[in-house]
Amino acid sequence: MHEALAALRLVDHHCHGVTTGPLDPSGFESLLTEGAAWPGISPFDTPAGVAVRRHCAPVLDLPRHASPDAYLARRADLGPDEVNRRFLAAAGVDALCVDTGYAPLPLTSPHELARAAGAAAFEVVRLESVAESVARAGVEPDEYTAAFRRAAEDAVRAPGVVAVKSVAAYRTGFALDPARPTRAEVTEAARRWLAAGGRLDDPVLVRELLWTAVDLGLPLQLHTGFGDGDLRLAGADPALLTDWLRLIAGTIPVLLLHCWPYQRQAAYLAAVFEQVYLDVGLTLHHVGPARARAVLEEALEITPFRKLLYSSDAYGLAEFHLLGAVSFRRGLGALLQDRVDADELSPDDALRLVRWTGSGNARRLYGLPSAPVPCRD
Amino acid sequence: MHEALAALRLVDHHCHGVTTGPLDPSGFESLLTEGAAWPGISPFDTPAGVAVRRHCAPVLDLPRHASPDAYLARRADLGPDEVNRRFLAAAGVDALCVDTGYAPLPLTSPHELARAAGAAAFEVVRLESVAESVARAGVEPDEYTAAFRRAAEDAVRAPGVVAVKSVAAYRTGFALDPARPTRAEVTEAARRWLAAGGRLDDPVLVRELLWTAVDLGLPLQLHTGFGDGDLRLAGADPALLTDWLRLIAGTIPVLLLHCWPYQRQAAYLAAVFEQVYLDVGLTLHHVGPARARAVLEEALEITPFRKLLYSSDAYGLAEFHLLGAVSFRRGLGALLQDRVDADELSPDDALRLVRWTGSGNARRLYGLPSAPVPCRD
Amino acid sequence: MHEALAALRLVDHHCHGVTTGPLDPSGFESLLTEGAAWPGISPFDTPAGVAVRRHCAPVLDLPRHASPDAYLARRADLGPDEVNRRFLAAAGVDALCVDTGYAPLPLTSPHELARAAGAAAFEVVRLESVAESVARAGVEPDEYTAAFRRAAEDAVRAPGVVAVKSVAAYRTGFALDPARPTRAEVTEAARRWLAAGGRLDDPVLVRELLWTAVDLGLPLQLHTGFGDGDLRLAGADPALLTDWLRLIAGTIPVLLLHCWPYQRQAAYLAAVFEQVYLDVGLTLHHVGPARARAVLEEALEITPFRKLLYSSDAYGLAEFHLLGAVSFRRGLGALLQDRVDADELSPDDALRLVRWTGSGNARRLYGLPSAPVPCRD
């Protein structure tokens, strides 16, 4: 199983670009954690930090478990292009679906990311960013719905776009009225929001955004479960989406991203709703290979094998593109090998599960070509 | 431990009948999943499907991991009576408590099920079905309470009835006012429900049903945790029952069924409320032997050993009667053997835990005779 | 790793005193469980009961897995002083932070506990007890805020006090308005509470208490997750504290105690909020060494290594001081040894993690001296 996983070229169905410029130690450390770099508490002293020193140091020609100082010095010596190229090449990925809607730092474009990885890149359009662009460009409240829809339709028409994404989990959480808001409700909410400015976090407008995703017809990626400190975790439990998922049955695929610590809840949804899929991206590089298996075990307890996808959710650090892939390969490999050894799973079924979750499910769902193709920049 | 569990005749304290007629492939597949049979996603490609091919195929004289086609063909060849007899006999069960309140398909009666299993059968009365029968028969709103109570008393007076059950988790969830509703509230709610028709899902009437269960005095089985897509999972967290459990302290035993993914929450309730018990039925055949141990480990973390029961929650497919038993035996056996090997548990204590959870706790709680008895049809 | 942990003197950052008088069998059994001693269900037939017979019996010169009767007889023979001395000495603890605010039974003072353990003792002031003392002493509603604050300031000024604690989880749960209540709101709530009497469970006054803790400036210990039957478990999910934690960023450290079954939620908070720390005390002795590793694995999945602390949360029985320590040492030792063996963690890093979580993090956070000091009685 480990060999099969090592040989498999993955499809990373949800990730971000990596920083293009040099990173000083504090810049690196702040990207290493979902928290922040706090005095006296090194972000290297975390499961993710340990995993970077163990699995990423050798890619930079350092011994395993190199010290943070040695790691940062060597990283600076090699420079960002070489560092990014090494980690992305080592990830063994054939296709990347890149969320381009969040870039407080200068990040690689999908094309640059793909070139470094030797992969094809596709784009995921973040709908909140589209809505906020519409607001910034200026729009009357009663024109907001139509303007947002047109802007979203334009955005997804660009070459290489395969999905849309929402960060509703961050903005309102999922304990929302599942019904499509009325035209009047949206106008009233837009009036308030456009007057106040700021990011899109009005519950009516978030509902409008989710229903617009249904109309767009592309697969919808939803952040669920943990993330940075800007989140209310309990509101990001995907089980809260149940009523809405029931209402949209028969329409678009919905991809539940990350999910931890609600991976079992996500698995339940994937088991009972045809359109629901899940991954445990983000989690994989934060828990590292030491616990990736445990999280995958829970995610797979009742999940149909066609419903689990691989993602790294790497953001900023090229290391996370590699760590996600290593965690997935080691975690799933150990899980499957033990089941085959115990004769609970046949080797053929195990290999099928590897191909599907590592690559086939994403290719099928997003309609990706089976051979790499160029992407727009 | 494995030998002790293999030799133990189980009491399955919550299960359903199995289909009596032949099943075509799509009929079989739709019973294999809590979801539905979706195009392009075979219900065999799930943990339950893998477990059926691994553990059930040999019972039909097929090799382990037989293909779905071979499995379905052989199943059709043998015919439903022979298939049912083989799986039920192989389950090694001495007594079955059968929920007879849900039968959209023609199912075996408790007596037929017991005969196939070589076991005694007992009956569990589903209170929502009783209430809905009362409504269908016609009743005035202000007579509803009395009529429902009379009908429930009649139903539980039938020979072989040992418990009642509620599917409140499906109808309203557990985030209910815990207090017994007033007579006036019930009449008003009954007026609305009887006028509107349909299944019982009014919160006031569900509360009335739960309190009627208290008056009936029999153990109450409650569906908790996952099930099919008709559920809101977050509302089926048994921890939401706390206030009600506190109010009914000193009355009836309450059996929390399935519980997954809230087995730790259920264990907490069983640890602090005298009248609370739990099982991880349903879960056992859905996760299969490969993960039954992990779920049982969590369920047993703090649970008093007198509080865990075995159930299959098998419905429709005789395979699930076997799979539940295999998962329980393998999962608990591995868990206990490792603890004995590590000297964390004495062999005598481990054997006691086997006897209690596999059989003794249910016999004690429901007052089952220790030797099999005939049951009504 | 096991040797390193065996050699390490722990800091138990949250515990209680132990009973000073003799315990009859039912007195012992009622302290052995978070539930109660129920007819026909021995508190020895639980994971904690098994762990006592396995790990505590030898300390009383009995064979491992001694019977409950033999255990209780030997315990009575030795008498409370000798029993307490043996278990506390065997725990291998250098410093104890003792919650003195809950003592329905006569318990050892911090000084007595420390003497038995050969350790230094520090005190944790329970704020609800302070508030209830203020109410009992008599105060006008519009003077309540000031009187409570003065009393709390006096209490924490006593020598050896290193932290305050709240049991808001028991009183209202965490689904509270996170804002500091206004003076008028507090006065109105105090008027109601002082007139009605009883324990402090008014949501406005609980919020006032939490904000007073912020003003006091000492680390705040919060009971989270499971406890006895007086709790609503779902309301004790620490994730519900998110908004409040965000508001108090930059002020006091907040220690999430116990956490089970929400240890992953607590880990998330510790990963994203600088001031948040966690332990899995209480859980450790209830699940015993057989499952302590599994709970620690979840608690450490994403937790920065500076954020996990050791506590026993032992109360009443000296056995729990030992069991907490044994469970922590065995659980963490096995976890770390396997990671070192798999080369996922370097031995040096593993040893650092042992020192930090077992002792260093608590010393740093509470400013404890590194050598034992006497404490007030």
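Ligands, DNA and RNA are left out, and with a 1.4 angstrom probe the accessible area of the protein assembly as shown is 32 Å² per residue. Applying the criteria of a DSSP loop state and at most 16 other Cβ atoms within 10 Å to the chymotrypsin sites (Phe, Trp or Tyr not before Pro) of the stretch C:44-107 yields C:TYR102. In vacuo Debye scattering of the stretch A:213-253, one point per C-alpha: log10 I(q)/I(0) at q = 0.20, 0.23 Å⁻¹? Computed log10 I(q)/I(0) values: -0.71, -0.83.
Distances from B:GLY40 to itself in the other copies, using label points 7 Å out along the Cα-Cβ axis, amount to 5.5, 5.5 nm in increasing order.
With respect to chain A, whose longest principal axis is taken over its alpha-carbon atoms, helix A:289-299 is tilted by about 50°. Can you tell me what percent of all Cα-Cα pairs in the stretch A:5-52 are more than 11 Å apart? Percent of Cα pairs beyond 11 Å in the stretch A:5-52: 75.
Built from the Cα atoms of the stretch C:130-243, the convex hull projects on average onto 7.2 nm², one quarter of its surface area.
Taking B:ASP343, B:ASP279, B:ASP142 in turn, the Gaussian network model of chain B (Cα-Cα springs below 10 Å) assigns the largest fluctuation to B:ASP343. Take the accessible area of chain A alone and of chain B alone, subtract that of the pair, and you get about 3000 Å² summed over both chains, using a 1.4 Å probe. Shown here is the pair-distance distribution of the stretch C:268-349: with all Cα-Cα distances grouped in 10 Å bins from zero up to the longest one, the shares run 18, 45, 31, 5, 0 percent.
Inter-copy label distances at C:ASP61, shortest first and taken from points set 7 Å along Cα to Cβ: 6.8, 6.8 nm. Listed by chain and number, the lysines placed with their C-alpha closer than 29 angstrom to that of B:LYS165 are B:LYS307; residues fewer than eight positions away on the same chain are left out. Each DSSP beta bridge with both residues in chain C is either parallel or antiparallel, and the antiparallel ones are about 5%. The eigenvalues of the Cα gyration tensor, multiplied by 5 and square-rooted, give the stretch B:23-78 an equivalent ellipsoid with semi-axes of 18, 13, 9 Å from largest to smallest. In the stretch B:211-232, burial by the other protein chains removes 40 Å² or more of 1.4 Å probe accessible surface, compared with the chain on its own, from B:GLY229, B:ARG232.
Per residue, the protein assembly as shown reaches -14000 deg cm²/dmol at 222 nm when only DSSP H runs of four or more residues are counted, each adding -39500 (n - 2.57). Over all Cα atoms in the protein assembly as shown, the spread is summed up by Rg and Dmax: 29.6, 85 Å. When B:ARG150 is represented by a point 7 angstrom out along its Cα-to-C-beta vector, the spacings to that point in the other copies are 6.8, 6.8 nm, nearest first.
In plain terms, the bigger the Kirkwood radius, the slower the diffusion; for the stretch C:2-102, with that radius from Cα pairs, at 4 °C and 1.567 mPa s, Stokes-Einstein puts D at 87 µm²/s. Calculated on C-alpha atoms, the gyration radius of chain C divided by its Kirkwood radius gives an Rg/Rh of 0.97. Rounded to whole Å, the principal axis extents of the Cα atoms in the stretch B:207-340 read 40, 35, 26, largest first.
Label positions at B:GLU140 and A:LEU247, each projected 7 Å from the Cα along the C-beta direction, are separated by 4.1 nm.
For chain A, what % of the accessible area comes from carbon and sulfur atoms, probe 1.4 Å?
Working: 6350 of 12170 Å².
Its accessible area is 52 percent carbon and sulfur atoms.
The values are calculated or read from the model by the stated rules, or taken from the named source; none is laboratory data. Because the structure is predicted, anything quoted here is derived from the model rather than measured. Here Cβ is always computed from backbone atoms with ideal geometry, including for glycine, and neighbour counts include all displayed protein chains. The accessibility values were calculated without ligands, DNA or RNA, using every heavy atom of the protein model including side chains. Shrake-Rupley method; radii C 1.70, N 1.55, O 1.52, S 1.80 Å.
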